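Written below as structure tokens is the structure these notes are about.
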Amino acid sequence: MTEHGFALFDTDIGPCGIAWGARGITGVQLPEASEARTRARLVRRYPHAREAPPPADVRRVIDSIVSLLGGQASDLSAAALDMDGLPEFDRRVYEVARGIAPGATLSYGEIAARLGERGLARDVGQALGRKRAKARHTAHRSGCSRSCERAVDVVAAARADVVVVRP
């Protein structure tokens, strides 16, 4: 990945978008009311990105997201994410959360313990909640079913709302 770009792609819940830069994925956009609104939101959120065909590594991430939103198991844990600009603690939380196996769960306290700081469970919840609420709200607004909301409800992992989806 060398340039800032974005692309739209079709899923079972509507047209989604993805943005990337030199260090990895910078954001994923769930459907807005129309493809034009999804595109407009990406342009607004990523003013330096230009719409372009996705590079091969981004295409693989898109294919995995399409599978997940279609109800099939898929693993996004190897996707390169651009976490520049995130506080160090949030970055560490997201790295642990990205390692949660599909179908498995960890409490905030368990994530904090893996970070070596069990007493910071509330901080873990806040780090995860800052991004998760936005993803859930977008999923709900797009007419996403409750099962789809559960698929989206995991961890935002990059500077601009990349979500790691776990079915």
Which residues, taken from segment 93-115, are charged (D, E, K, R) and either within 29 Å of residue 56 (Cβ to Cβ) or at pLDDT below 85 (or both)?
95, 98
Check every one of the strands (runs of 3 or more DSSP E) wholly within segment 1-91 and list those with 3 or more residues that are surrounded by 15 or more Cβ atoms within 10 Å (Cβ to Cβ) and among the small types (Gly, Ala, Ser).
14-21
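Report, by residue number, each residue of segment 92-130 that is outside any helix (DSSP H, G or I) and among the aliphatic types (A, V, I, L, M).
If the condition is that a residue be outside any helix (DSSP H, G or I) and among the aliphatic types (A, V, I, L, M), then 100, 101, 104, 106, 115 are the ones that fit.
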Among the candidates 35, 95, 51, single out the residue that is within 15 Å of the chain's Cα centre (by Cα) and among the acidic types (Asp, Glu).
95
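Looking at residue 98, is it within 30 Å of residue 119 (Cα to Cα) and touching a strand residue (DSSP E or B) at 6+ places or on another chain (Cβ under 7 Å)?
Details: within 30 Å of residue 119 (Cα to Cα): yes; touching a strand residue (DSSP E or B) at 6+ places or on another chain (Cβ under 7 Å): yes.
Taking the combined requirement at face value, the residue satisfies it.
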Residue within segment 120-131 that is in contact with a strand residue (DSSP E or B) (Cβ under 6 Å, 6 or more places away or on another chain), at pLDDT below 80 and over 17 Å from residue 11 (Cβ atoms) present
yes
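The values are calculated or read from the model by the stated rules, or taken from the named source; none is laboratory data. The structure presented is a predicted model; accordingly, all values stated were derived computationally and were not measured. All Cβ positions, even for glycine, are placed from backbone atoms using ideal geometry, and neighbour counts span all protein chains on display.
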